[in-house]
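Enquirer: Below are the structure tokens for one structure; questions will follow.
The values are calculated or read from the model by the stated rules, or taken from the named source; none is laboratory data. Since the structure is predicted, the reported quantities are computational estimates derived from the model, not experimental observations. Backbone-built Cβ (ideal geometry, glycine too); neighbour counts: all protein chains shown.
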Amino acid sequence: MDIAQLLTELVAKGVADVFIITGRPLSYKKGTTIEPFNDKVLSPQDTEDLITQIYTLADTRSMGEVRDNGDDDFSFAIKGVSRFRVNAYKQRGSLAAVIRVVAFSLPDPASLHIPEAVMQLADLRRGLALITGPAGSGKTTTLACLIARINNTRNAHVITLENPIEFLHRHGKSLISQREVSIDTQSYAKALRAALRESPDVILIGELRDPETISIALTAAETGHLVFSTLHTVGAVNTVDRLVDSFRAEQQAQVRMQLSMVLQSVVSQQLLPALDGTMVPAFEIMHSTPAIRNLIREGRTHQMSAVINTSAAEDMVSMDTSLLALYKAGQISQQEMVIHALAPETILKQAEL
């Protein structure tokens, strides 16, 4: 089985993910459904052969990482077809992989239903802006849209630190430096520390994974840079709590103070199956007003939801309000609304009004 030909066929079918796992046929996800590509059940040797071909296509990548450590993230491209993000891993002693299809062209925010209130984050000049949500919710795509807008509208030096690089940005009005962790640099923290000496105006960090990276990101935002990053959290309250809780108890008061000064916005997004068979996003948007900054500084994050709910005039919207609007517009089912809600019982009562 030729993996390049197979991926070419699957891209033409409009698939989102490809699964190579022993004991099942090669499968793909389109929308929310996983389907087999054919009837051939993959053996351990089959998955080994396919994944070896993938590493051959990504000619700068060695299989040593997945063989030695059990998993590996990287990306590659097939000319004229698409880019692909790969997570290769071991399971039950055999190799497996999940491949995400990433378009060559940069996404169009309007077609993806990304609100203008989110896209306006590209107009910020300093501070920290976070895009959060569960895996597969479109965080990377939203960030790519924001970087593209900056590239089209501003004269700036943008440094992205990613693992792996998914969307490729050509130089526009801005200079774009894209660095891939483990290929161009050893770690997010090391690359971020170096970035501060590389005259950046905008820094994108693929993910805030550890206290060291978070601490350097806060410092970068304090010193006049615009910093974008992601967290695997749903809701602004959970995001702030996760950042603070990453640090030891004796450090948390200082982190809350720093965060209250540099945090500009938190956008939390979820991707839901729509009634028409497509996927539709729901967004929570929080901006750091004086009231929000005060709640962060004093550790009263549980009160932030009330501020978000009463600040529609300042382009804020809660996750449950966004979900309710999608339901009332006939885009999602009541079941999906409730599953993804932060307060399921409350949203059900609101839906009945």
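Enquirer: Out of ILE285, ILE292, ILE332, ILE308, which single residue is touching a helix residue (DSSP H, G or I) at 6+ places or on another chain (Cβ under 7 Å), part of a loop (DSSP other than H, G, I, E, B), in contact (Cβ under 8 Å) with a residue 12 or more places away in the chain and not polar (S, T, N, Q)?
Expert: ILE332 is the lone residue from the list that is touching a helix residue (DSSP H, G or I) at 6+ places or on another chain (Cβ under 7 Å), part of a loop (DSSP other than H, G, I, E, B), in contact (Cβ under 8 Å) with a residue 12 or more places away in the chain and not polar (S, T, N, Q).
Enquirer: Every residue in the range 328-353 that is surrounded by fewer than 21 Cβ atoms within 10 Å (Cβ to Cβ) and within 22 Å of ALA117 (Cα to Cα), please.
Expert: The answer is LYS328, ALA329, GLN331, LEU342.
Enquirer: Also, I was wondering about something else. Run down MET279, MET337 and say which single residue is of a type in the set (A, V, I, L, M) and touching a helix residue (DSSP H, G or I) at 6+ places or on another chain (Cβ under 7 Å).
Expert: Step by step, each of MET279, MET337 is checked, and only MET337 is of a type in the set (A, V, I, L, M) and touching a helix residue (DSSP H, G or I) at 6+ places or on another chain (Cβ under 7 Å).
Enquirer: Can SER137 be described as surrounded by 16 or more Cβ atoms within 10 Å (Cβ to Cβ), at pLDDT below 95 and either farther than 17 Å from HIS287 by Cα or of a type in the set (S, T, N, Q) (or both)?
Expert: Spelling it out, SER137 is indeed surrounded by 16 or more Cβ atoms within 10 Å (Cβ to Cβ), at pLDDT below 95 and either farther than 17 Å from HIS287 by Cα or of a type in the set (S, T, N, Q) (or both).
Enquirer: Among the residues of the range 77-100, write down those that are among the basic types (Lys, Arg) and either out of contact with any strand residue (DSSP E or B) (no Cβ under 8 Å at 6 or more places or on another chain) or in contact (Cβ under 8 Å) with a residue 40 or more places away in the chain (or both).
Expert: Result: LYS79, ARG83, ARG85, ARG92, ARG100.
Enquirer: Give the number of residues within the range 44-87 that are among the acidic types (Asp, Glu), assigned to a helix (DSSP H, G or I) and closer than 17 Å to PHE19 by Cβ.
Expert: Matching residues across the range 44-87 total 3.
Enquirer: Within the range 59-77, count every residue that is more than 10 Å from ALA88 (Cβ to Cβ) and surrounded by fewer than 16 Cβ atoms within 10 Å (Cβ to Cβ).
Expert: Residues meeting the conditions: 7.
Enquirer: Please go through the range 255-295 and pick out each residue that is polar (S, T, N, Q) and modelled with pLDDT under 95.
Expert: The answer is THR278, and nothing else.
Enquirer: Next question. Need pairs with beta-carbon distance below 8 Å; first residue within 15 Å of GLU48 (Cβ to Cβ) and in contact (Cβ under 8 Å) with a residue 12 or more places away in the chain and within the range 64-76, second in a helix (DSSP H, G or I) and among the aliphatic types (A, V, I, L, M); sequence gap 6+ or separate chains.
Expert: Every condition considered, the pairs that remain are VAL66/ILE51; ASP72/VAL66.
Enquirer: Okay, moving on. Being among the aliphatic types (A, V, I, L, M) and surrounded by fewer than 22 Cβ atoms within 10 Å (Cβ to Cβ) is the filter here, so list the residues in the range 149-164 that pass it.
Expert: ALA156
Enquirer: Quick test of your reading of the structure: LEU130 fulfils all but one of (1) more than 23 Å from ALA282 (Cβ to Cβ); (2) modelled with pLDDT of 95 or more; (3) among the aliphatic types (A, V, I, L, M). Name the failing condition by number.
Expert: (1)
Enquirer: Does THR301 satisfy being touching a residue at least 12 places away in the same chain (Cβ under 8 Å), under 21 Å from THR233 (Cα atoms), assigned by TED's automatic domain parsing to the domain that holds PHE228 and not aliphatic (A, V, I, L, M)?
Expert: Answer is yes for this residue.
Enquirer: Also: Checking ILE296 against (1) surrounded by fewer than 17 Cβ atoms within 10 Å (Cβ to Cβ); (2) out of contact with any Asp or Glu (no Cβ under 9 Å at 6 or more places or on another chain); (3) not polar (S, T, N, Q), only one condition comes out false. Which one?
Expert: (1)
Enquirer: Kindly provide the set of residues from the range 1-43 that are of a type in the set (Gly, Ala, Ser) and either more than 24 Å from LYS90 (Cβ to Cβ) or not in a helix (DSSP H, G or I) (or both), ordered by number.
Expert: Of everything in the range 1-43, those that are of a type in the set (Gly, Ala, Ser) and either more than 24 Å from LYS90 (Cβ to Cβ) or not in a helix (DSSP H, G or I) (or both) turn out to be ALA12, GLY14, ALA16, GLY23, SER27, GLY31, SER43.
Enquirer: Just checking, which of THR33, THR60 is modelled with pLDDT under 95, within 23 Å of VAL280 (Cα to Cα) and not assigned by TED's automatic domain parsing to the domain that holds ILE332?
Expert: Step by step, each of THR33, THR60 is checked, and only THR33 is modelled with pLDDT under 95, within 23 Å of VAL280 (Cα to Cα) and not assigned by TED's automatic domain parsing to the domain that holds ILE332.
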